[in-house]
Each structure stands twice: as C-alpha cells, then as structure tokens.
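A short reminder: the numbers here are calculations on the coordinates, not readings from a lab. Just so we're clear, the structure is a prediction, and the values are computed from it rather than from any experiment. Reconstructed Cβ throughout: ideal geometry from the backbone, glycine too, with neighbour counts over all protein chains shown.
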Amino acid sequence: MLQYIKQAKSALSMLNPDEVRQRADHPLVVGLVAAESAAYADMEDFLTPAAVSHDQRMQTMQSVYRASDPGIPAKYDLVLYEQGLECPATAFTFFRDDPGRTVAEIVKARDDLGLALARNFYPFRKPVVDRIVTSVARENAIFAVASALPNVIPSVLELPFAIGEFASDTAFITMNQVRMAFLVAAASDKQVGYDKQLAELLSIAAGAFGWRALARELVGFIPLGGGLIPKGAIAFAATYVLGKGLEHFHGVGYGYTRAQRHDAYQVAYERGKDLVGAVLRKKEA
C-alpha cells in the first residue's frame, strides 16, 4: 500500500500548472518509416484523422517526417514503422488494421510523452486521458484507505510530502483532483491554470467534503474495518467521474448530465471496490 502512496509524491509536484503546460507543449518530432508511399499515407492519416480540421492537420504534419524526406532531423521523440518491416526496440510498429494497439503500446511505454501526444495527435487523446483519470482515481482510493489504517498512517506521515494539509485525506484527494484537472485540460488541448480553470476548480472544492462525509459515515457504521472498501471505492468513483466529466466538458463544451454521472458513478464504484479489495488482500497476505 505504501508503494501506491509513495508514487503520489512526485505526482503532487504537478500541481504547478506551468509544469503541466511545459510537458504538453513539448515540441514533438515524429518519424515514419515505410516501404512505399501508400503506407506513409496510412500512417499520416492515422496521426491526423478526419476529425481533425485541415488547418490543424497542416500544423501537426509540420512535426512529422518520412524517412524518405530530404533533410530529416537527426533525433526523434517517436518513430513508427510500417507493419512487416523490422522495427527497432526503440521504435513502434504501426498496426494498420489495429491502430488502437499502436496507441496503447506507445502510451504505456512513453508516459513521458503522453500529454504532448494527446495535445497534438487526436488518436492519443482519449487513451491518455483515460490513463490520467484512472491513475489519479487509484491514488486517491489507496490514500483514503491508508489514512484510516493505524499501522499505515505513521509511515504515511514520514513521507516528505505528507505534512500539514497533506496529512488529511480530504486535502490530499482534493489537491490530486486539481492536478488531474490540469492534466486533462492539457491533454485535451485546452488552457491550463488556476485562473483559466476557475469554474472547474471551484466544483472540485465544493464536492470534496460531500464524498468525505459519506466515506466517514460508512467507516463508522460498518464494523471491523469493513467500511474501508466502500470508503476507498467512493474516493475512486468520485475522482473517476469528475475526470471523465472534465473530459466530456473539454470535448463537447458541457459536462455530464445527472443521469450520466449516476451511471458512470455506479460503474466506477464497483471498479473501486475491486481495486481496494485486492490491495487490502495483498496487504494481509
């Protein structure tokens, strides 16, 4: 369990919106390697699909180079190879019939480029946001449970970042949700910052004590620590639904409806229960 919490130490450093913007604005250089023009065209269409405007496509393609182009850069952030060609370990294969596999492999292996890829290349946007939201929701669920365990709290408080307000699970989870809001906005190619996202941040602050009160009530009424699982599940679900609602807002201009929030919460709550249950069983083993 402490492993999950320690991983959040560096995560909270991303509360600085300037750092988030710098990661998202990293100037990417992408190389393509193929045997013929048609394969190059397929990879370019993958990176800039029909959903992308003509102007956005022209801008994006300025950072994409074919291996056959004259005067190509000496270094690349990412290189894609046509399926069937021998692909070096440092590059990735473009699976023409399964581009989602290509995206998944890149997002998993190059987390450092996630924000920049999502901001610049539309196919990466949803997978990167999903990864952000799920990761932050998991961190919050584990912290909510850890803060209620007497044999874990002393170790938690020894961590350099778990001082003052961060010793409170409510404050930690709320701050982590703020970080998530910055990351989701950056990945969605939207403005990032406390002043740019004021309405979103006020919504996060307003919801913080509601889930906390419910979680406390569950822990108090379910005996022998049985309330830990629902407490963690609530933290997971509240964070997850918030993140997906922000994604929806940045995508279409408005958030989830009440019915959408309800449905998403039910699914996320069950996922949170499974996650926390597995972590607690591992701790006991």
For each pair in LYS126/LYS282; LYS196/LYS273; LYS244/LYS273; LYS231/LYS282; LYS75/LYS126, compute the distance between the two Cα atoms and list the pairs where it is over 23 Å. LYS126/LYS282; LYS196/LYS273; LYS75/LYS126
Output for segment 29-75: trypsin sites (Lys or Arg not before Pro) sitting in coil per DSSP, at most 12 other Cβ within 10 Å, listed by number, reads LYS75
Quick query: amide H of THR93 versus all other amide H atoms, modeled in the peptide plane; which residues come in under 5 Å with a sequence gap of 5 or more or a different chain? TYR81
Under the classification rounded if a/c is under 1.5, otherwise prolate if a/b is larger than b/c and oblate if not, where does segment 18-82 fall, given a ≥ b ≥ c as square roots of the Cα gyration tensor eigenvalues? oblate
Using the basic label-point model (7 angstrom from Cα toward the beta carbon), what is the VAL252 to GLU36 distance in nanometres? 4.1
Residues with amide H under 5 Å of LEU78's amide H, sequence separation 5 or more or different chain, H placed in the peptide plane at 1.01 Å from N; which? VAL29, GLY31
How much length, in nm to one decimal, is gained on full extension between VAL29 and LYS190, taken as 0.36 nm per residue of separation minus their Cα-Cα distance? 55.8 nm
